[in-house]
Structure formats: C-alpha cells, structure tokens
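Visitor: If you scroll down you'll find the structure; I have some questions about it.
The values are calculated or read from the model by the stated rules, or taken from the named source; none is laboratory data. As the structure is a computational prediction, the values presented were derived from the model and not from experiment. Using ideal geometry, Cβ is built from the backbone for each residue, glycine included, and neighbour counts are taken over all protein chains shown.
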Amino acid sequence: MIGCKKTATVFSEFYRNMNYEACFTSMENIEQVVKETTFQYSEWKQYINHRGPMYKTEYGSMIPFFDLAAKYPCIEYLTKMGFKSMVEDKLYGGKTYGAIYWRGKRIDKVLRLNKQEIKGLMASNVKEKNCALLYSYHYFRKKGMRLSYERAKELEELIYRGTISNETFNSLLRKIEFKKLINYLLKQLDKRRKSKYGSYESVRNVLITLKDYHNDCNELGIELNNEWDLFPSDLYPRHEKLTKRLKIKHDKELNERIKQNLKLIKHLNYSLESLFIRPAASSEELFAEGKALNHCVGGYAARYSIGDTIILFIRRFDQPELPFYTVEVQGNRVIQVRGDHNCSPTKEVQAFLDAFKQEKLKKKKVKGAA
C-alpha cells in the first residue's frame with residue numbers, strides 16, 4: 001500500500017511542475033497504477049471524461065484529480081453519495097464559497113450538516129447539488145430559516161450574483177425584516193407560477209420588479225407608509241397598473257431629450273446575421289414595446305431621456321417593427337434582457353448579445369449612461 005501523505009507529496013510536486021498540454025489518458029494504465037493503493041476506491045473513473053480549465057483535451061490528465069484525492073479523502077465518499085458536482089467545483093477551479101470543510105474526517109463535518117440534513121440533501125429533487133447550493137442552505141440556516149434544498153436552490157442566485165448584499169436589498173431590509181422579505185419574494189414567485197397571465201423567471205426577477213414598483217410609486221407621488229403598500233399581496237398586477245399610469249405618450253419635452261441623447265448612443269447600433277439592435281427612438285416606442293412584450297419598459301422613459309439608463313431593442317431583419325427583446329444597458333454592462341412576459345434570451349439571442357457586448361461595450365464605455 002502507498003502511504004497517503006507520501007502519495008500526496010509526489011502528486012502535488014508533479015502537478016506543480018507539469019506543463020499541461022493535450023494528452024492521452026489510458027484507463028487501463030491508471031487501473032494498474034492505482035491497484036492496491038489509496039486511490040483504488042477514489043471513484044476516479046467518474047472524472048475521466050470531464051474537462052476543466054487545466055485540460056486541453058476531452059480526456060485530460062488525471063493528475064489534478066489524484067492530487068486532490070490525496071489531499072482530501074472526503075472526495076471519495078462525496079462522490080459515492082451523489083455530490084460529484086461539489087468535487088467538480090473544487091477540481092475545476094469553480095467557486096466553493098467555503099461551503100465544504102475538505103479536511104473533515106466525517107461527512108457531517110465535511111458538509112457541515114447533521115444526519116437528517118444529509119439525508120434530506122440526498123433525497124432532494126435538486127439536480128445539481130453543488131457548493132453554491134450548500135452555501136445557500138448554510139446561509140439561510142444561519143439567518144434562522146429552515147428551508148428545503150429546493151428553496152435554497154431558488155435563492156442561490158441572490159448570493160452568487162451579490163444581490164443579497166447590494167443597496168437595493170439592504171434598502172428593503174430597512175423596511176421589513178430579513179425572513180419576511182425572503183418569504184415575500186418566494187410567495188410572489190409561487191403566486192405567479194399558478195397564473196397564466198404573467199410570471200417571474202426567478203426570485204431575483206421578483207426583486208427587480210419590486211424595486212421597479214417602488215420607483216414607480218415614488219415617481220407618481222404615492223406614499224408607501226405601510227407594509228401593505230410596500231409589499232402588495234400580489235405584486236405583479238399592482239406593478240402593471242402603475243406602469244400603465246406612467247405612459248407619458250405625448251411628452252414633447254421628454255421625447256426631445258431622447259432625441260438629443262440618440263446622438264450620443266448612435267454607435268450602439270449593431271447587426272449580425274438575422275438580428276440587429278438599436279436604441280429606442282421615443283417614449284411612444286418604449287410604451288409600445290412594453291405593451292407588445294408584456295413588461296414594464298415604458299416606465300423607464302424618464303430615466304432613458306436623461307441618460308440615466310439606455311434602452312435598446314433587438315429586432316429581426318425580416319420583422320424590423322415587431323418587438324422581440326428589450327435590453328437595458330448602464331455604463332458598459334447589460335443590466336437586463338427581457339422578451340415576451342419577461343422570458344429569458346434564446347440561445348440565438350444570447351449569442352447575438354455576447355457578440356454585441358464584445359464589439360460595442362467592451363471596447364469603450366458607453367457615453368450616454370451614468
């Protein structure tokens with residue numbers, strides 16, 4: 001038997017000095033090498049067909065895996081228990097959020113979960129049981145919330161996008177306690193899932209809508225003095241109602257400002273294959289866009305007119321007047337992209353956006369937005 005510490009040293013040294021190039025990995029050779037060693041039961045075969053940033057071929061060197069397995073024996077039983085995605089996060093240089101104690105001797109110490117919680121994680125319907133999920137569960141548990149892993153998965157993006165620590169979220173916490181806010185967002189998500197008249201893509205999408213609703217109230221002079229007004233029982237229709245009130249279709253001054261700003265952002269016109277993108281030309285266009293796609297972009301007219309944000313329309317060449325997707329840009333960042341009923345971009349649209357960002361946003365900062 002090869003000693004684990006000695007083996008770890010050997011693999012670590014080889015790993016540091018190796019110049020990774022395209023290589024061929026022989027399973028037969030590995031089986032011979034690891035036979036009767038600590039790596040024999042390490043579940044290494046489950047990782048041989050995967051590639052990480054250190055690999056340049058589909059079947060890359062297995063040295064990074066064996067180096068990791070030598071350092072952290074928990075990798076074997078994490079894999080056997082169905083938590084392969086957590087190991088891949090560590091192996092391929094992804095974010096682990098400090099969710100796992102890799103040097104732990106027992107699985108409850110490694111996962112920082114009790115036996116009941118571990119059973120629940122194994123039995124959950126979450127497909128990708130990764131480090132982000134585990135961290136999300138830990139985070140809300142520390143906040144005194146005992147959520148299912150399915151709920152922790154839905155809330156995961158609030159953490160990895162940094163939403164839960166930004167000013168928008170913190171401003172809401174000054175009006176409502178943490179648990180109540182999270183439960184409110186989840187309740188709104190569930191409520192719209194049951195409706196056929198519009199839904200939210202994610203918890204973050206609910207949060208964005210809530211922020212827009214508060215902005216609409218401020219613009220219309222509606223005082224938010226009580227919790228019912230701050231957090232309406234059905235946010236979606238309340239927000240839609242305010243959006244309609246904000247349709248300033250014939251505001252000549254506003255449209256004149258938009259017209260002047262178009263000169264500053266004309267360089268954002270872009271086309272590729274069957275799609276093109278252009279700035280909104282007037283408040284009428286913004287409201288027509290919102291009506292056609294069932295979202296609230298019309299409420300952005302005032303901000304757009306003063307260059308506080310930039311609204312762009314994605315169109316198809318064969319249907320140039322038909323609303324397709326709406327894009328918000330601030331500085332050199334795409335803030336949000338919304339299609340019909342707030343749907344996410346298709347693969348085609350996402351590829352177009354990636355090319356647009358590379359060509360128009362990464363080369364220089366947009367002048368028309370703060």
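Visitor: Look at K263 and say whether it is in a helix (DSSP H, G or I) and assigned by TED's automatic domain parsing to the domain that holds I335.
Guide: Yes; evaluated as a whole, the condition is true for this residue.
Visitor: Moving on to the next point. Residue under question is A302, and the condition is that it be hydrophobic (A, V, I, L, M, F, W, C) and over 18 Å from Y213 (Cβ atoms); does it hold?
Guide: It is false that A302 is hydrophobic (A, V, I, L, M, F, W, C) and over 18 Å from Y213 (Cβ atoms).
Visitor: Criterion first (modelled with pLDDT under 85, within 23 Å of Y160 (Cα to Cα) and surrounded by fewer than 16 Cβ atoms within 10 Å (Cβ to Cβ)) does G52 satisfy it?
Guide: Values: modelled with pLDDT under 85: yes; within 23 Å of Y160 (Cα to Cα): yes; surrounded by fewer than 16 Cβ atoms within 10 Å (Cβ to Cβ): yes.
Taking the combined requirement at face value, the residue satisfies it.
Visitor: For region 163-178, check the following and say yes or no: at least one residue is among the basic types (K, R), within 28 Å of the chain's Cα centre (by Cα) and closer than 30 Å to K129 by Cα.
Guide: No - not one qualifying residue is present in region 163-178.
Visitor: May I ask you to verify whether G98 is at pLDDT below 95, surrounded by fewer than 19 Cβ atoms within 10 Å (Cβ to Cβ) and not assigned by TED's automatic domain parsing to the domain that holds K80?
Guide: So G98 fails the test.
Visitor: If you don't mind, another one. Taking E256, is it within 24 Å of R303 (Cα to Cα) and of a type outside the set (V, I, T)?
Guide: yes
Visitor: Examine region 237-256 for a residue that is modelled with pLDDT of 90 or more and farther than 21 Å from I208 by Cα, and state whether such a residue exists.
Guide: no
Visitor: Which pairs have Cβ atoms under 8 Å, sit 6 or more apart or on different chains, and link a residue in region 336-360 that is in contact (Cβ under 8 Å) with a residue 12 or more places away in the chain and not assigned by TED's automatic domain parsing to the domain that holds V203 to one that is surrounded by fewer than 12 Cβ atoms within 10 Å (Cβ to Cβ) and acidic (D, E)?
Guide: Qualifying pairs under 8 Å: F352/E273.
Residue-wise test of (1) outside the structural domain of E289 (by TED's automatic domain parsing); (2) modelled with pLDDT of 90 or more.
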{"residue": "F317", "(1), (2)": "no, yes"}
{"residue": "F324", "(1), (2)": "no, yes"}
{"residue": "N332", "(1), (2)": "no, no"}
{"residue": "A369", "(1), (2)": "yes, no"}
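Visitor: Do the conditions hold for L272, that is, is it out of contact with any Pro (no Cβ under 6 Å at 6 or more places or on another chain) and either among the β-branched types (V, I, T) or touching a residue at least 12 places away in the same chain (Cβ under 8 Å) (or both)?
Guide: Judged against the criteria, L272 is a match.
Visitor: Considering each of L113, L210, L147 in turn, give the residue that is under 21 Å from V297 (Cα atoms) and modelled with pLDDT of 90 or more.
Guide: When all the criteria are applied, what remains is L210.
Visitor: What's the total number of residues in region 265-280 that are closer than 13 Å to I311 by Cα and surrounded by 12 or more Cβ atoms within 10 Å (Cβ to Cβ)?
Guide: Residues flagged as closer than 13 Å to I311 by Cα and surrounded by 12 or more Cβ atoms within 10 Å (Cβ to Cβ) within region 265-280 amount to 7.
Visitor: Same structure again: Got a number for residues in region 213-235 being modelled with pLDDT of 90 or more and surrounded by 12 or more Cβ atoms within 10 Å (Cβ to Cβ)?
Guide: Counting residues in region 213-235 that are modelled with pLDDT of 90 or more and surrounded by 12 or more Cβ atoms within 10 Å (Cβ to Cβ) gives 7.
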